[in-house]
Structure formats: C-alpha cells, structure tokens
Amino acid sequence: QVQLVESGGGLVQAGGSLRLPCVASGGTFRSYQMGWFRQAPGKEREFVATISRVGGITSHGDPVKGRFTIPRDNAKNTVYLQMKSLKHEETAEYYCAAASVGGLRLSDYPYWGQGTQVTVSS
C-alpha cells in the first residue's frame, strides 16, 4: 500500500508562486495515477489536477487552468503541484492522492496524504 507525504505549504502573497512536493513510498510509484485536491474552510474537497502514470496525460480543474501544473518524477517517487498567480480564495489544505486507475473524483482515489496548508494573503 502506498503512503503519501505532502510538504511545501506555507504563507504566500496573492500573485505569488509555490511548489508542493508529494513523496510516495511503499508502492510502485509509476503504477499510480496521481492527483491533487484541495479543501478550503467550510467547503467540500475539490479536484485540482491529475497526471497519468507515465506523465503523458494531465487534466486540471477549471479554476486553475493556465496557472497550475502537475509534473511528476518517477525516479524520485514524487509528484508536484506547481502553482503560480495564487489568489486569496485558494487558501486551503492541499492533498495528494494516488490510484491505480484514477480520474477527477475524490472517490476515484483510495490513497491520500495528510495534507499541507497553503495560505494566500490578500
């Protein structure tokens, strides 16, 4: 069973950039589709981005298209969420997730990290 650990969260000014790494262990990383989700206070967890097992196919939620990317490095067992032009309303807990066959829904992913907090000051 794969374990996921996110890091890189913190305080950033609106308009700034941040990169969140998620390191996987305990499984064969390249066999998992990886995703990022986020949950703002008082809101439901929402899809941010996903990347296929070999990295050739990505998909992004509409709010982040053109600003966020989701590269992965299978040699390092790591997937990243690269964020730029951050907005105050994107303050949230950001979660990494893994699935053998993933998609765009929370229920597609059986494995989750503990999350990392991103706070965007206005």
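So the values come out like this:
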quantity: Cβ-Cβ FRET estimate between Lys84 and Arg30, R0 fixed at 25 Å, reported to 0.05; calculated: 0.40
quantity: Calculated FRET efficiency for the pair Asp73/Arg105, C-beta based, R₀ 25 Å, to 0.05; calculated: 0.50
quantity: Area accessible to solvent at Lys65, 1.4 Å probe radius, in Å²; calculated: 120 Å²
quantity: Leu11 accessible area, assembled protein chains, probe 1.4 Å, Å²; calculated: 130 Å²
quantity: Distance histogram for the chain (every C-alpha pair counted, 5 angstrom bins, percent rounded to whole numbers); calculated: 2, 13, 24, 27, 19, 10, 4, 1, 0
quantity: Relative contact order for region 5-122, counting Cα pairs under 8 Å that sit 6 or more residues apart, in percent; calculated: 35 percent
quantity: Choice from Thr50, Thr91, Thr28 with maximal GNM fluctuation in the chain (Cα, 10 Å cutoff); calculated: Thr28
quantity: Most fluctuating residue given options Arg19, Arg105, Arg45, as computed from a GNM of the chain linking Cα atoms under 10 Å; calculated: Arg105
quantity: Accessible area expressed per residue, region 18-70, with surrounding protein chains retained (probe 1.4 Å, Å²); calculated: 51 Å²
quantity: Accessible surface of the chain [probe 1.4 Å, protein heavy atoms]: carbon and sulfur percent; calculated: 49 percent
quantity: Label-point separation in nm, Ser52 to Arg19, each point 7 Å along Cα→Cβ; calculated: 2.4 nm
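The values are calculated or read from the model by the stated rules, or taken from the named source; none is laboratory data. Everything numeric in this text was worked out from a predicted model, so none of it was measured. Using ideal geometry, Cβ is built from the backbone for each residue, glycine included, and neighbour counts are taken over all protein chains shown. When the accessible area is computed, the model is the full protein with side chains, heavy atoms only, and any ligands, DNA or RNA have been set aside. Shrake-Rupley method; radii C 1.70, N 1.55, O 1.52, S 1.80 Å.
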